[in-house]
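Structure first, then comments.
The values are calculated or read from the model by the stated rules, or taken from the named source; none is laboratory data. If you're wondering where the values come from, they're calculated on a predicted model, not measured in any experiment. Because the Cβ atoms are built from the backbone with ideal geometry, glycine has one as well, and the counts that use them run over all protein chains shown. Surface accessibility is based on the protein's heavy atoms, side chains included, excluding ligands, DNA and RNA. Shrake-Rupley method; radii C 1.70, N 1.55, O 1.52, S 1.80 Å.
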Amino acid sequence: MSATKVVTEPAPVRERRPPDPRWRWAGLALLLAAAVYAPFQLVPFHVFQLTMVLVYAVALLGLNLLVGHAGQISLGHGAFFAVGAYSGAILLDRWDLPYPLTLPVAAGVAFVLGLALGVPAMRLRGLYLALVTLAIAIFLVPLLKRFEAVTGGSMGLTLAKPAPPGWSGLAEDQWLYFLTLIVTVAAFLLAAGLLRSRVGRALHALRDNETAAEVMGVRLSFYKTLAFAWSAMFAGAAGCVYTWVIGFVSPDSFTVNLSITLLAGLVVGGLGSLSGPVLGGLFVMFVPSISQDVNDAAPGVIFGLLIIVVMYVAPTGLAGLAARLAGRLVKKIPRKE
Amino acid sequence: MAGFVQQVVEGLGAGAIYASLALALVLIYQFTGIVNFAQGELAMFSTYIAWQCVAAGLPFWLALVLTLAVSFAGGMLIERVIIRPVEGAPELTIVIVTVGLFIFVNAAAGWIWTFLIKDFPNPFPGGALEAAGVSVSFSTLGVLGVVAAVMGLLYLLFQHTKIGLGMRAVATNPASARLVGIRVGRTLALGWGLAATVGAVSGVLVAPLLFLEPNMMGGVLIYAFAAATLGGFDSPLGAVAGGLIVGVAETLAGAYVGVIGSDLKVGVPLVIILGVLLLRPQGLFGRAVVERA
């Protein structure tokens, strides 16, 4: 009997056949090959733009862990991004640390800060968490300006960018791009592993039904705090890479707008999917630079409208739409049962 | 001593403005359980409408009446068009939608009126009342008076009219309210309209002090959140009390605590929000919600 005819009763949740894993691997390999090949074909400015897409993707990966997978909202992830960026910058500026070492330190600082803020914040219901994180994002800018001796105040800090080693034969923009690409791939592997583990299952459980999760033995406050700290860590790592790439940090790069833009990018890219952060990164990078030509306010109008529209018609964002489209294509290819 | 009293008076003046925006936040929260992150931006947009009317040559008070009417209609429209489809959705969805509204309204104002600072006429006369070495500017007195008047009008509306009775019924229990024949949907829209009107008042009060520009209310919003949290998100009286307390606390902290100074005052609402949520999550005047899991 063919399985397709037995759909007499309506399924409560439409089941989608998971695509053959081989397709997924082929797609990923293709994507990675394209990502490695791209910087040799593009002009330096476009390489820089792609680098920034990857930086945002890492930050969004962290935000996604919290918002998409654990169902907690943060309007202040720009603050953790800034903490990572400033940690990296201060280490380079003050202690002349070799730049690869700044990444784990910056990520660690963001993680600890996320943990410290997560303990009180996670006792709060969703809405209040949004309030607290928003207040943190607003408070950070004057705080950075205040401690001028360390942070350089409003003027910020200017740093040398990592120079490409002689053996590689790469230009500076290409070298920065590959550094960022390595961090991005590592971050994605880490996030994917995390989500497949016990932690990931716990996060999904508490997102979908807190009461049920608690009954199953998930310690809500522990896992919420952990999700907050992990997601702060990813944002901090992204901030550190940002410092490498830009070579300059100043408080006004990390206003509350950054936090809100990150959330907007994630929602449009797709909550709760692994490809969402990449699409979100593309969105955050290219929508403003393209639409700014029309009017200074055009990016905001587009962001705002798209967020609302996406929440209505496609809560899974661009990633969800892409997956649906890909699913249809794959279905057309006959496969062996 | 006079210096201290002076600081308190100035704090009350700032607090009255926070109170008016907090009042708008609380109105919406009471009816719909939504914290409207776009409240400040809606107030800013209303203020631009008032500015446009004045710039077109209308007398100030006529412009104000017109603005309040437009804001009321706009608030109802937003409830119907943007909020209605996500009513009853998870909190995350609603917060994201209001954040989207925040970005959109902010950018729309920038598009229409540019990001350049505009001068907004002060409705109150200059000068100040002097008593015992303390001077209270007429502007501060005016702000306090307007907020008290708004509070009084809302009290009359809620406690002594049929519409207000219906609104309280909806806030308490929408299902039962619907069963006794109250148009719940219409009442919710009314709540949003009222909130937008109160927000517009707060925008018009702020504008002469801060100069009119699209990001004007961004700073005020966080104080209003602190005020609403402190007073309790379901208590209009609490919002006003909270606003005044936040205003005074912020001014005193800025003036007397050397580490804070005028630049780190923004930390005060953060500390207040965190403190209240950890010690008394329902706020000073709010009801503690008992949840059955």
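Of the residues A:H46, A:H77, ranked by 1.4 Å probe accessible area with the largest first, the sequence reads A:H46, A:H77. Ranked from largest, the principal axis spans of the Cα set of segment B:82-176 equal 55, 43, 21 Å.
Working from label points 7 Å from Cα in the Cα-to-Cβ sense, the B:Q159 to A:A34 distance is 6.6 nm. Couplings for segment A:37-44, taken from phi via the Karplus curve 6.51 cos²θ - 1.76 cosθ + 1.60 with θ = phi - 60°, read 6, 3, x, 7, 10, 9, 6, x Hz in order; Gly and Pro are left as x.
Principal axis extents of the C-alpha atoms in segment B:50-97 (largest first, rounded to whole Å): 45, 16, 12.
For peptide A:302-314, the mean count of partner chain Cβ atoms within 10 Å of a residue's Cβ comes to 6.
Shown here is the pair-distance distribution of chain B: with all Cα-Cα distances grouped in 5 Å bins from zero up to the longest one, the shares run 1, 6, 11, 16, 18, 17, 14, 9, 5, 2, 1, 0 percent. Ranking B:V204, A:V112 by solvent-accessible area of protein heavy atoms (1.4 Å probe, all protein chains present), from largest to smallest, gives A:V112, B:V204. In this label model, B:F211 and A:V185 are separated by 5.0 nm, measuring between points 7 Å along each Cα→Cβ vector.
With a Förster radius of 56 Å applied to the beta-carbon distance between A:A26 and A:N209, the computed FRET efficiency rounds to 0.95.
Between B:A73 and A:Q292, the C-beta separation translates, for a Förster distance of 25 Å, into a calculated FRET efficiency of about 0.15.
Which semi-axis lengths, in whole Å and largest first, follow from the square roots of five times the eigenvalues of the Cα gyration tensor of chain A?
Numbers: eigenvalues 231, 133, 74 Å².
Largest first, chain A gives 34, 26, 19 Å.
The alpha carbons of the protein assembly as shown occupy a box of 81, 68, 51 Å along the principal axes, longest dimension given first.
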